[in-house]
Amino acid sequence: MKRKIYDRMLDWKNSSRGKTAILIDGARRVGKSYIAEEFARNEYKSYILIDFFKADDDVKDLFNHSLNDLDSFFQTLSAIYGKKLYERESVIIFDEVQFFPRARAAIKYLVADGRFDYIETGSLVSIKENVSDILIPSEERHFKLYPMDFEEFLWALNDETLMPVIESCFRQKKPMGQAAHRKAMTRFREYLIVGGMPQAVKEYADTHDFDAVDAVKRDILTLYREDIMKHARSYAYKVERIFDEIPTQLSKHEKKFVLASLGSGARFREYENAFMWLEDAMIVNVCWNSTEPNIGLKLNRDNATMKIYMADTGLLISHAFDENGLTDSEIYKKILLGKLEVNEGMVFENIVAQMFAASGHKLYFYSNPSRDNKDLRMEIDFLLSKSKTTSRHNISPIEVKSGKRYTYSSLNKFRLQYKEQLNTAYILHTDDLKIADDVVYLPVYMAGLL
């Protein structure tokens, strides 16, 4: 399936000319191996794919004992895999490189040799157990692969006409019009349900059967649980507790993750490694509270106040509505028709976080729970900073509204309190684009264009 990372990889190949390798990092089942092999098949004369989950000792011994004789190293590798290598016309893929960090460390010497290109793929590549005994090569360029975004989802459904219309209306800040907006919202609600995991998207493209898609998503969730128990080691129990608590926390009016839900007297320092593990595994997107909406949101980050979103909203829905081991088809029907009265806000806020993360944004929100001054008491769902900072007006506050009727008192308070820092204010909603009272109301499917 068509993925945007392919163009980035092509830019790397043409500009790097063998001077760097790329590491594609992403959650399990997000499509890393597929895109690496598809790229190698299309863009090179030949390639070798080494899957380190399956690689035998003969292959691993090459990295342990033969790097001082690269002529022999490449000859033996070529013989083992039955593939001829052509200088500057072949690529070697290190698939699931986290299972053999020694190969990742070897990138430094292989890139310096210059004969071939190298693509690494992996999950959990930043987990300390996987980097503790190696020197991370400076020649490694890091690409993150996220679940398929809305446009990639449309491509998978053979729809290449809708997104150009959406982009044009976004640029011109003009409404889509009733027919086009209705079509876009229907497609977007399908995207909400299916999510962006390629296996689930393919199942939907082939069958349009939500039950079949749900079964695929549950297999992925089971795989994540197995990874937690196998790789999170001494804090696996804490990671699983957080993972299971995500839907409950997001279903609340204030979606901040309450540590007390994990146990009486729970402290962030006790669970910090568990939160970091889930983030490094790219199973979740962490959104931090920035206490001062100004240049450098990270500088004002409150490390104890955060929201935890699932990295894929389709997985969140299957994770949240699992009382009978299968999401009731009635739930999917209600989401598709916009009639899920309970928890729709959770789903919409999660998909916006997912779209922002895929667009390269770090996630921040603003929360002031002041008990003394109601004018200061407010919560803004997301804060985005401008790509080019200026002396003032750098931060856009963003509110996400899933229903037809809503208020935005927090946004009004924020605009009054922080008018010097304020850039454009946005409300992401289910209606068409409009501008009123210096607020831009965007249909939620445009979130990834911000």
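The values are calculated or read from the model by the stated rules, or taken from the named source; none is laboratory data. Note that the structure is predicted; figures quoted are calculated from it, not measured. Positions of Cβ are backbone-derived with ideal geometry, glycine not excepted, and every protein chain shown enters the neighbour counts.
Counting only residues that are under 10 Å from Thr121 (Cα atoms) and β-branched (Val, Ile, Thr), the range 1-34 holds 2 of them. Within the range 400-426, being crowded, with 18+ Cβ neighbours inside 10 Å and within 23 Å of Lys334 (Cβ to Cβ) holds for Val400, Lys401, Ser402. Among the residues of the range 48-74, which ones are out of contact with any helix residue (DSSP H, G or I) (no Cβ under 7 Å at 6 or more places or on another chain) and touching a residue at least 12 places away in the same chain (Cβ under 8 Å)? Of everything in the range 48-74, those that are out of contact with any helix residue (DSSP H, G or I) (no Cβ under 7 Å at 6 or more places or on another chain) and touching a residue at least 12 places away in the same chain (Cβ under 8 Å) turn out to be Asp51, Ala55, Lys60, Phe74.
Of all residues in the range 290-305, which are among the hydrophobic types (A, V, I, L, M, F, W, C), modelled with pLDDT under 85 and touching a Phe, Trp or Tyr at 6+ places or on another chain (Cβ under 9 Å)?
Of everything in the range 290-305, just one residue is among the hydrophobic types (A, V, I, L, M, F, W, C), modelled with pLDDT under 85 and touching a Phe, Trp or Tyr at 6+ places or on another chain (Cβ under 9 Å), namely Ala304.
This table checks each residue for (1) of a type outside the set (Ser, Thr, Tyr); (2) touching a residue at least 24 places away in the same chain (Cβ under 8 Å).
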site: Ala260; (1), (2): yes, no
site: Phe268; (1), (2): yes, yes
site: Thr305; (1), (2): no, yes
site: Tyr309; (1), (2): no, yes
site: Ser329; (1), (2): no, yes
site: Lys333; (1), (2): yes, no
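Residues that are aliphatic (A, V, I, L, M), surrounded by 21 or more Cβ atoms within 10 Å (Cβ to Cβ) and within 18 Å of Ile228 (Cβ to Cβ) within the range 242-273 comprise Ile242, Ile246, listed in sequence order. Among the candidates Phe63, Phe99, the residue that is surrounded by fewer than 19 Cβ atoms within 10 Å (Cβ to Cβ), outside the structural domain of Met310 (by TED's automatic domain parsing) and either among the aliphatic types (A, V, I, L, M) or at pLDDT below 95 (or both) is uniquely Phe99.
Among the residues of the range 68-94, those that are farther than 24 Å from Ile35 by Cβ and buried (at least 18 other Cβ atoms within 10 Å of the Cβ) comprise Phe73, Phe74.
Results for (1) under 20 Å from the mean Cα position of the chain (by Cα); (2) surrounded by 15 or more Cβ atoms within 10 Å (Cβ to Cβ); (3) not assigned by TED's automatic domain parsing to the domain that holds Glu344, shown as yes or no for each residue.
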{"residue": "Ile136", "(1), (2), (3)": "no, yes, yes"}
{"residue": "Leu154", "(1), (2), (3)": "yes, yes, no"}
{"residue": "Leu157", "(1), (2), (3)": "no, yes, no"}
{"residue": "Ser168", "(1), (2), (3)": "no, no, no"}
{"residue": "Gln172", "(1), (2), (3)": "no, no, no"}
{"residue": "Arg182", "(1), (2), (3)": "no, no, no"}
{"residue": "Thr186", "(1), (2), (3)": "no, no, no"}
{"residue": "Glu190", "(1), (2), (3)": "yes, yes, no"}
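Counting only helices (runs of 4 or more DSSP H) wholly contained in the range 24-94, the ones carrying 2 or more residues that are closer than 29 Å to Val284 by Cβ, within 31 Å of the chain's Cα centre (by Cα) and not hydroxyl-bearing (Ser, Thr, Tyr) occupy 32-43. Consider the range 262-305 and keep the residues that are touching a Ser or Thr at 6+ places or on another chain (Cβ under 7 Å) and assigned to a helix (DSSP H, G or I). The one that is farthest from Pro369 (Cα to Cα) is Asp280. Among the residues of the range 262-304, those that are in contact with a helix residue (DSSP H, G or I) (Cβ under 9 Å, 6 or more places away or on another chain) and β-branched (Val, Ile, Thr) comprise Ile283, Val284, Val286, Thr291. Scanning the range 12-36 for residues that are more than 19 Å from Tyr146 (Cβ to Cβ) and either of a type in the set (D, E, K, R) or buried (at least 16 other Cβ atoms within 10 Å of the Cβ) (or both) turns up Lys13, Arg17, Gly18, Lys19, Thr20, Ala21. Only one entry in Arg189, Arg104 is over 30 Å from Leu77 (Cα atoms) and either assigned to a helix (DSSP H, G or I) or aliphatic (A, V, I, L, M) (or both), namely Arg189. Note on the range 138-149: among residues that are touching a residue at least 40 places away in the same chain (Cβ under 8 Å) and touching a Lys or Arg at 6+ places or on another chain (Cβ under 8 Å), the one that is surrounded by the most Cβ atoms within 10 Å (Cβ to Cβ) is Met148.
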